[in-house]
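S.K.: Mind having a look at this structure? Questions to follow.
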Amino acid sequence: MKFGFIVPLLDEYDIEKAYETIAKACKETKANFDLIFALNSKLSAVFTKIRNVYVENKAVKAFMVDRPVDQHKLITLAMEKCEDYDATIIYSGKEEMNADVIKAFITSYEAGNKIVYLKKVYRGFKKVATAIKSMFYKLGIKLLGVYKDINAETDIQLLDADVVKTINQLPGKNRQLRTLDSLLYYTTDIIHLEVDSKEVINPNYNPKDKTYKKNAVVAGVSLGVGLVCAVLSVVALAVKWNWFYMIHVVLWLLFAVGLLLALVFDTRKILTHRAGKNVEPSELVSLKDKIEYYNI
């Protein structure tokens, strides 16, 4: 049994610690592995270090693209090299590598699960806040009718070889979609990890691009307009302004529409992180023409 590990990197990263953690977890579970570092264009120094440190280690592989790209594109490119592994484990470079999570993934896979997710569990106020956000997000997903989403971590997960092959064969517009619950009917499992609510995630791995900002602005404006309409109606009733009743009806309708739009566009904003942007095959071909490979 052999696992392929994909670690997409957008910024500096402790590659040696990551390798040691994976090696330890796989040794304890008696599994073989290859480790593929997928690097953004600015990480030439890291790419050189990988080639120097692991010059005699065939298990460590890497490639570097020639331009700035997001994490989703790096994962898509790396997954095309992972069809021969029994399963692939994606582990974002924004996260600290966790040997217990890796061992839990492998154990779950050996038990027959084809897709294994990680779900973070928080304590205290953040747990409540996360639960509320998740509730509204799930409602937004239903309104959009996109797909079911268990709202687990899309940056850390295990995918069986058949799942990887299926994703690689999807049309270009779906290549980045890694929230797979209703697209792929494979047995799944969720690994829960309790984390510190003060944990800081590298902001370089969550860039607020134009799509994110547009959705955030529309969501904020919609909510603001809706609340203003509701407040106007309440104030008018409180001070007994002589308004025609239809004005109040229109204001409360605008309030309802504002809330609905705010929910939908806030959900779309979150999806830009979780599912990534659409990637056309032509863009992938262009990227692959200029990739520098090591040991692949």
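S.K.: Once the other residues with Cβ under 10 Å from the Cβ of His192 are scored (Lys, Arg +1; Asp, Glu -1), what is the net sum?
M.R.: Computed value for this residue: +1.
S.K.: How much length, in nm to one decimal, is gained on full extension between Ala23 and Asp196, taken as 0.36 nm per residue of separation minus their Cα-Cα distance?
M.R.: So the extension gain works out to 59.8 nm.
S.K.: May I ask for the angle, rounded to the nearest 10°, between helix 99-110 and the longest principal axis of the chain, with both axes built from Cα atoms and the value confined to 0 to 90°?
M.R.: Long axis of 99-110 versus the principal axis of the chain: about 80 degrees.
S.K.: Viscosity 0.692 mPa s, temperature 37 °C: give me the Stokes-Einstein translational D for the chain in µm²/s, with Rh taken as the Kirkwood radius over C-alpha pairs.
M.R.: Once the numbers are plugged in, D ends up at 155 µm²/s.
S.K.: Expressed as an acute angle from 0 to 90° and rounded to the nearest 10, what is the orientation of the C-alpha long axis of helix 124-144 relative to the principal long axis of the chain?
M.R.: Between the helix axis and the principal axis of the chain, the angle is about 80 degrees.
S.K.: Moving on. Let me understand the range 210-273 better: what is its radius of gyration from the alpha carbons, and its Dmax, in angstrom?
M.R.: Rg, Dmax (Cα atoms, Å): 14.5, 48.
S.K.: Using a simple charge model, +1 on the beta-carbon of Lys and Arg, -1 on the beta-carbon of Asp and Glu, nothing else, what dipole does the chain show about its Cα centre, in debye to the nearest 20?
M.R.: Roughly 1000 debye for the chain.
S.K.: For the pair Glu283 and Leu144, what calculated FRET efficiency results from E = 1/(1 + (r/R0)^6), where r is the Cβ-Cβ distance and R0 = 25 Å, to the nearest 0.05?
M.R.: Calculated value: 0.55.
S.K.: If you stretched the chain out fully between Met246 and Lys126, how much longer would it get, using 0.36 nm times the residue separation minus the C-alpha to C-alpha distance?
M.R.: Taking Met246 through Lys126 to full extension adds about 39.0 nm, to one decimal.
S.K.: Counting Lys and Arg as +1 and Asp and Glu as -1, what is the net charge of the other residues whose Cβ lies under 12 Å from the Cβ of Ala31?
M.R.: With Lys, Arg at +1 and Asp, Glu at -1, the neighbours total +1.
S.K.: Here's another thing I want to ask about it. Any idea how far apart Glu56 and Leu237 come out in nm if each label point goes 7 Å out from Cα toward Cβ?
M.R.: 8.0 nm
S.K.: Rounded to the nearest angstrom and ordered from largest down, what semi-axes does the equivalent ellipsoid of the range 237-296 get from its C-alpha gyration tensor (root of 5λ)?
M.R.: 54, 11, 7
Each reported figure results from applying straightforward, stated rules to the coordinates on display, with no laboratory input. The structure displayed is predicted, hence computed values, not measured ones. Every residue, glycine as well, gets a Cβ built from its backbone with ideal geometry; the counts of neighbours run over all protein chains shown.
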